[in-house]
Amino acid sequence: MPRRQVVAIRTETIALGALLKWAGVVATGGEAKTLIAGRRVLVNGQVETRRGRRVGAGDLVAVQGGPTLVVERADGVPHPPALAADVP
């Protein structure tokens, strides 16, 4: 079972590549680009191929062979509740 890792961000959103670096999943932007281009990253259950995709509080980023990142706001500001259309 993949492990879950909470990643606190101080901004409203963060680019996917930057999140992977911030969480320590990759060491460089080039590694993030390769991982994402290889279709090995899912955002909220969907394959994501854009390194600049913005993610924010409440998003789940699953890395094949790595952790599932749970994005939260560092300042304790709650994220808006999911809309019914967003719930699988």
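Do you know which residues across the range 40-76 are hydroxyl-bearing (Ser, Thr, Tyr) and surrounded by 13 or more Cβ atoms within 10 Å (Cβ to Cβ)?
Passing the criteria: only Thr68.
What's the number of the condition Arg73 fails, among (1) at pLDDT 90 or above; (2) over 12 Å from the mean Cα position of the chain (by Cα); (3) of a type in the set (Lys, Arg)?
Unmet condition: (1).
Mind listing whichever residues of the range 1-18 are within 13 Å of the chain's Cα centre (by Cα) and within 12 Å of Thr68 (Cα to Cα)?
Arg4, Gln5, Val6, Val7
Can you report the number of residues in the range 5-58 which are over 17 Å from Ala74 (Cβ atoms) and either assigned to a strand (DSSP E or B) or aromatic (Phe, Trp, Tyr) (or both)?
So the answer is 5.
The values are calculated or read from the model by the stated rules, or taken from the named source; none is laboratory data. Keep in mind that this is a model prediction, so the values were computed, not measured. Heads up, the Cβs are rebuilt from the backbone with ideal geometry, glycines too, and the neighbour counts pull from every protein chain shown.
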